[in-house]
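What follows is a short report on a single structure.
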Amino acid sequence: MVVEAKVAPTTGKIPDKTMGQLLDYVNVIWTEQPTRTFTPILYIHGEIITLFVFTRGPWYRIELGKICYTDTSPDILDVETIRMSLLRLWLIVTLPANKFGHFCDVNTESPYIQFSRPDASTKLANAVLADSENPNTLLLDSRISRIVNPYSRLAYLFDTTYKSKRAVLKLSWTPVKRLPESAVYDILHQTGVEGVPEVYDSGLIRADYFGYRLEYIILEHCGESLGIYVVECRKRGVPDSEIHKNANQFICQVSNCLVQARARGILHRDISDENIAVRNGQAKVIDWGYAKIIESNSSGVIGIDPAVADKVAQQWGFDKAAVLENEDTWDPLTGTVLFMSVPVLFGMPKRGLFDDIESLFYVVLRAFADSEDCCGFKHYDNKTLALTRVGILGCESGYLELFSVKSDLGALQETVDAMLKFLFYLGNKYVGHELFSNGDHERLPDLRLAKKLMDEKAVNDLKLFLPIVPVKVGSGTTRKRNAAVSSPGEATNPKKASRGSTLEGPSSQMSTRSQTRGEK
């Protein structure tokens, strides 16, 4: 708690200079701890002590009273006044945060909330408490517990009912220089990406408050995490063969989603056990709050049409150039540590589709692990975890046990092994060490293995990320995706192949790379 003291007492209106100093403290605290919902400041002026509480909405002033004598002969009333002031101060400084929040007029009466947009052409909305249920209100149930990242972004999630459907209300404070999650969902739905939650309603309650926006999204309830699904199935006595069969389907569904999204210019960047939800035999990728937009360009980068990105930016009121540049700087920082890819753990400056698929690989291993206390998930620091995983994954016959996956995976085994090969092998050569030792290393799609992880539609999208090479046509040249096939059994130079090849069918494809599709 910040304490500011002035010699002279202040009565009535706080001087602008003093208020400016208090607000400077608030700004510093919210810069360092942006997920705070309120900031208390004790203001001692003369013999008086005052509590200020600054919230993301209004601010409050609570006079606690005198804390010292004003003459040399105090009477019993002076003593009692000071005693009460100190008791008020003690009560406040010893309150837990959830109790202290009641100074901020926390609602404890109405469980209903209603959102409305007065102007349909903008995303700005009003949020009001409702006295009773009607077709447009949300009934707030319990808060959904999620791990909160103390930096940059804070999201509150609530179970709710919306128009007789089970739903989730998500309220997010995000910096105005970060991408609004609702804008990402708009793009995903407009471009037909499969495996993402349906959005019933979304908008902005605050467009810019101390450099943050308050965003709301009402989403379909997508179920439980993959790990909880496995645990609950085993409790109910579901046969392992059925669990493994369903897990194969879930891997395919999530892989399809990630590839389709990336081909349309969206990269998730936070695939974790909590962000893959399973319900009624369908796996969906949720929480796109850390996603980034990638625009297509004349250099061959695959992404969203810049004109579409311009329109989305205008609708959601953000500076596209500033947001895209800022999101690039977050590439090596974004994600959930235990599920980060090896390059991200090593702080590589750029990330791509393969990093998200590698995160999915760890989600699957974690879901079927017998214990969280194992080498593959033990985090001392990021680089140590990365090096440990590179060592483990090079042991093709024993890597599962080092991730504490000790039970028979049955039909799932082939898929998990295919993911390992897809991510860390070039042909039959393990190249895991290249992910951190070679800053120019690019993982390129092995289409033969990809067909074991995703459907044909996603495989076709994956072909967009094959390298482009010059091909001689008559007296000139044109550009074409790599299609040259090396002879069966031909020796492969891992360093060259990792930078300019792909695999399709039983033999490796080799060529000299002139230009890539901008994907790592």
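The values are calculated or read from the model by the stated rules, or taken from the named source; none is laboratory data. Quantities reported herein were computed from a predicted structural model and do not represent experimental measurements. Every residue, glycine among them, receives a Cβ derived from its backbone with ideal geometry; neighbour counts consider all protein chains shown. Protein only, heavy atoms only, side chains kept; ligands, DNA and RNA dropped before computing areas. Shrake-Rupley method; radii C 1.70, N 1.55, O 1.52, S 1.80 Å.
Quick notes on this structure:
- A count restricted to region 382-393 and to residues that are open to solvent by 10 Å² or more (accessible area, probe 1.4 Å) and basic (Lys, Arg) stands at 1.
- Looking only at region 150-178, and only at residues there that are β-branched (Val, Ile, Thr) and under 20 Å from residue 334 (Cα atoms), the one that is surrounded by the most Cβ atoms within 10 Å (Cβ to Cβ): 174
- Counting only strands (runs of 3 or more DSSP E) wholly contained in region 1-69, the ones carrying 3 or more residues that are under 32 Å from the mean Cα position of the chain (by Cα) occupy 38-45, 48-55.
- Residue, farthest from residue 312 (Cα to Cα), within region 117-139, restricted to residues that are modelled with pLDDT of 80 or more and among the aliphatic types (A, V, I, L, M): 139
- Test: residue in region 317-328 that is surrounded by 20 or more Cβ atoms within 10 Å (Cβ to Cβ) and touching a Leu at 6+ places or on another chain (Cβ under 7 Å): yes
- Filtering region 372-381 to residues that are open to solvent by less than 50 Å² (accessible area, probe 1.4 Å) and part of a helix (DSSP H, G or I) leaves 376, 377.
So that you can scan it fast, the table gives a plain yes or no per residue for (1) in contact with an Asp or Glu (Cβ under 8 Å, 6 or more places away or on another chain); (2) surrounded by fewer than 17 Cβ atoms within 10 Å (Cβ to Cβ); (3) of a type in the set (Asp, Glu); (4) modelled with pLDDT of 95 or more:
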position: 222; (1), (2), (3), (4): no, no, no, yes
position: 237; (1), (2), (3), (4): no, yes, no, yes
position: 257; (1), (2), (3), (4): yes, no, no, yes
position: 262; (1), (2), (3), (4): yes, no, no, yes
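- When region 1-25 is filtered for residues that are within 20 Å of residue 96 (Cα to Cα) and of a type in the set (Val, Ile, Thr), the ones remaining, listed by number, are 2, 3.
- Qualifying residue in region 242-255 (condition: open to solvent by 10 Å² or more (accessible area, probe 1.4 Å) and without any contact (Cβ under 8 Å) to a residue 12 or more places away in the chain): yes
- Per this entry, residue 216 is not counted among residues that are part of a helix (DSSP H, G or I) and of a type in the set (Ser, Thr, Tyr).
- Counting the residues of region 415-440 that are farther than 18 Å from residue 359 by Cα and either open to solvent by less than 40 Å² (accessible area, probe 1.4 Å) or not basic (Lys, Arg) (or both) gives 8.
- Of all residues making up region 394-404, the number that are in contact with a helix residue (DSSP H, G or I) (Cβ under 6 Å, 6 or more places away or on another chain) and either more than 15 Å from residue 338 (Cβ to Cβ) or open to solvent by 20 Å² or more (accessible area, probe 1.4 Å) (or both): 2
- Selection within region 179-205: residues that are β-branched (Val, Ile, Thr) and part of a helix (DSSP H, G or I). The member of this set that is surrounded by the most Cβ atoms within 10 Å (Cβ to Cβ) is 184.
- The test for being touching a helix residue (DSSP H, G or I) at 6+ places or on another chain (Cβ under 6 Å), outside any loop (DSSP other than H, G, I, E, B) and not hydroxyl-bearing (Ser, Thr, Tyr) does not hold for residue 387.
- Failed item, numbered, when residue 277 is tested on (1) in contact with a Lys or Arg (Cβ under 8 Å, 6 or more places away or on another chain); (2) more than 18 Å from residue 224 (Cα to Cα); (3) of a type in the set (Gly, Ala, Ser): (2)
- Residue satisfying condition, being touching a strand residue (DSSP E or B) at 6+ places or on another chain (Cβ under 7 Å), among the small types (Gly, Ala, Ser) and at pLDDT 80 or above, within set 142, 110: 142
- Here region 56-85 is the region considered, the condition is being at pLDDT 80 or above and among the aromatic types (Phe, Trp, Tyr), and the residue that is surrounded by the most Cβ atoms within 10 Å (Cβ to Cβ) is 59.
- If you go through region 296-327 and pick out every residue that is closer than 27 Å to residue 460 by Cα, assigned to a helix (DSSP H, G or I) and of a type in the set (Val, Ile, Thr), you end up with 2.
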